[in-house]
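Enquirer: A single structure is presented below for examination.
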Amino acid sequence: PRFCTVSNLATIINAKVPALLRNLESLGFEGLTHDYILDQENATLIADDYGFEVVLNDETGIDIFPEPINELLLQTRAPIVTIMGHVDHGKTTILDYLRNSSIVDQEHGGITQHIGAFSVTTPVSKKSITFLDTPGHAAFLKMRERGANVTDIVVLVVAGDDSVKPQTIEAIKHAKKAGVQMIVAINKCDKPGANPDKVVADLSRHEVDVEDYGGDVQVIRVSGKTGLNMDKLEEAIVTLSEIMDVKAEVEKVPAEGWVIESHLKKGLGSVATVLVTRGTVKPGSILVAGQTYCRVKSMKDEHGKVVRAACPSKPVEVWGWRDLPEAGDSVIQAKDEKLAKKVVDNRANRAKTIDEAKDVDAINKMRKKQR
Ligand code: GDP
Ligand code: MG
């Protein structure tokens, strides 16, 4: 068995689950439960211990894994930013301001499409920043759950007249856990009732290392409504990304990325916004995401403009999916459609195996109860 739960393995090798769990503990696993999914290596090790031979079906093991990073190919890319903060503190207003201000630089018109992410060019340094614009940060959280940090920087929005609130604290926790760098935007500073100094003090109490108190977290006093210091916020992001030295390989590697959003468009089929994180996606590229794949038919950016090559940090709407991939699915390029199909079939089988393993658990429980 390649991917199976502890209980499923116990059934196959005729062992008792608690004994198997103890055995796994002696191998260094801690706090496992019956529904923990073992990888091939550990399942093989245990099966071998119980005198079983693991027979692998070649076809079922097929998947695509990222290639190791070639440092020589790394190039500077735009930082990817998520805006977080308590409800009503001004996240949408700030994103709208950024989106609208970027329209001014665009000869070919404004942002016409909501695709879940957009890029802006900063007013002073003329650098590019990609903002994630997904409602409820669902994709962000799902990607985090999977151990992926698509976000380089979190902008924590705190209203100057309301200060730190429960979702502010949540956001601080998320950013810390994900190891993502943070910049604080104290918003609504146009309001007479705003007290940014209190916000700084409150944040410091919640272990945000604010620069006002000698830490390294930049704090910008802004207004998403009037645009006060929004240029400073953008430059703060650029400065931080330069310190972080965010880079990616652009060429000579299979493309990778994440699905930010996806939906069915009437009469047009499945469309997904992909944020490219590595390599370059082009029309004709074969992409695998979750349990589906696509031969890229066409790509569009947030201006509705056709894109011929999407490089790292570029969000694009991708057309041509077999089925709808899910927000938070990782995307990887396959060398051809045949491989993509095999990988997708295999992933579907594996998901089924895991489901069946759960069924076995349920049946075992029922049997125990009857006795
Ligand atoms: P979100 O829930 O974090 O997305 O917050 P919104 O962007 O929807 O803003 C909530 C309310 O605060 C709206 O009524 C906004 O007009 C208002 N608001 C947001 N930013 C500012 C600001 O900088 N100044 C003022 N005066 N009001 C703001
Ligand atoms: Mg909002």
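Enquirer: Any idea what angle helix 17-26 forms with the longest principal axis of the chain, computed on alpha-carbon atoms, 0 to 90 degrees, nearest 10?
Expert: Tilt of helix 17-26: around 60 degrees.
Enquirer: Now, a different point. Please compute the per residue accessible area over the chain with all protein chains in place, 1.4 Å probe, rounded to a whole number of Å².
Expert: About 51 Å² of surface per residue is accessible.
Enquirer: I've got another one for you. From the backbone phi of segment 263-272, what are the Karplus-calculated ³J(HN,Hα) couplings (6.51 cos²θ - 1.76 cosθ + 1.60, θ = phi - 60°) in whole Hz, Gly and Pro given as x?
Expert: For segment 263-272, the Karplus-derived couplings read 6, 8, 9, 3, x, 10, x, 7, 9, 9 Hz, x marking Gly and Pro.
Enquirer: What full-extension length gain, to one decimal in nm, is calculated for Phe65 and Arg295 as 0.36 nm per residue of separation minus the Cα-Cα distance?
Expert: 80.9 nm
Enquirer: List the residues whose amide H sits under 5 Å from the amide H of Asp323, counting only those 5 or more places along or on another chain, with H placed 1.01 Å from N in the peptide plane.
Expert: Residues meeting the amide H criterion: Tyr293.
Enquirer: Right, another one. If I compute solvent accessible area with a 1.4 Å probe over the protein chains, what percent of it on segment 245-298 is carbon and sulfur?
Expert: Carbon and sulfur: 52 percent of the exposed surface of segment 245-298.
Enquirer: Determine one quarter of the surface area of the Cα convex hull of the chain, which equals its mean projected area, and express it in nm² to one decimal.
Expert: So the mean shadow area of the Cα hull is 23.3 nm².
Enquirer: Can I ask one more? How far apart, in nm, are two points set 7 Å out from the Cα along the Cα-to-Cβ line at Asn42 and at Leu264?
Expert: 3.8 nm
Enquirer: Cα axis of helix 230-244 to longest principal axis of the chain: angle in degrees, 0 to 90, nearest 10?
Expert: Value to nearest ten degrees: 50.
Enquirer: What ranking of Glu251, Glu337, Glu67 comes out by heavy-atom accessible area, probe 1.4 Å, highest first?
Expert: Result of the area sort, largest leading: Glu251, Glu67, Glu337.
Enquirer: Another question, then. So how far apart, in nm, are the two label points at Asp231 and Leu339 if each is 7 Å from Cα heading toward Cβ?
Expert: 4.8 nm
Enquirer: Give me the aspartates and glutamates in straight-line cross-link reach of Lys127: C-alpha distance below 13 Å, same-chain residues under 8 apart excluded.
Expert: Qualifying aspartates and glutamates at Cα under 13 Å: Asp105, Asp231, Glu234, Glu235, Glu242.
Enquirer: Residues with amide H under 5 Å of Val250's amide H, sequence separation 5 or more or different chain, H placed in the peptide plane at 1.01 Å from N; which?
Expert: Distant-sequence amide H within range of Val250: Gln75, Gly279.
Enquirer: Which lysines does Lys297 reach when only Cα atoms under 18 Å apart count, and residues fewer than 8 places away in its own chain are ignored?
Expert: Those lysines meeting the cut-off are Lys265, Lys266, Lys282, Lys305, Lys314, Lys335, Lys338, Lys341.
Enquirer: May I ask you to compute the full-extension gain from Asn100 to Thr33, defined as 0.36 nm times their residue separation minus their alpha-carbon distance, rounded to one decimal in nm?
Expert: Length gained, Asn100 through Thr33: 19.1 nm.
Enquirer: Now for a different question. Quick check on packing: order 229-240, 299-310 by the mean number of other C-beta atoms within 10 Å, highest mean leading.
Expert: So the peptides 229-240, 299-310, ranked by packing, come out 229-240, 299-310.
Enquirer: What do you reckon, how do Phe118, Phe52, Phe29, Phe65 stack up by accessible area (1.4 Å probe), largest on top?
Expert: Phe65, Phe52, Phe29, Phe118
Enquirer: Once a ≥ b ≥ c are taken as the square roots of the eigenvalues of the Cα gyration tensor of segment 144-212, is the result rounded (a/c under 1.5), prolate (a/b larger than b/c) or oblate (a/b not larger than b/c)?
Expert: In terms of gyration-tensor shape, prolate.
Enquirer: Taking Cα pairs under 8 Å and at least six residues apart, what relative contact order does the chain come out at, in percent?
Expert: 18 percent
Enquirer: Compute the acute angle (0 to 90°) between the alpha-carbon long axis of helix 196-205 and the principal axis of greatest extent of the alpha-carbon atoms of the chain; round to the nearest 10°.
Expert: 30 degrees
Enquirer: Given a 1.4 Å probe and heavy atoms of the protein chains only, how would you sort Glu211, Glu71, largest accessible area at the top?
Expert: The ordering from most to least exposed comes out as Glu71, Glu211.
The values are calculated or read from the model by the stated rules, or taken from the named source; none is laboratory data. As the structure is a prediction and not an experimental result, all values here were calculated from the model. All Cβ positions, even for glycine, are placed from backbone atoms using ideal geometry, and neighbour counts span all protein chains on display. The protein model used for the area step is the full one, side chains on, heavy atoms only, and it has no ligands, DNA or RNA in it. Shrake-Rupley method; radii C 1.70, N 1.55, O 1.52, S 1.80 Å.
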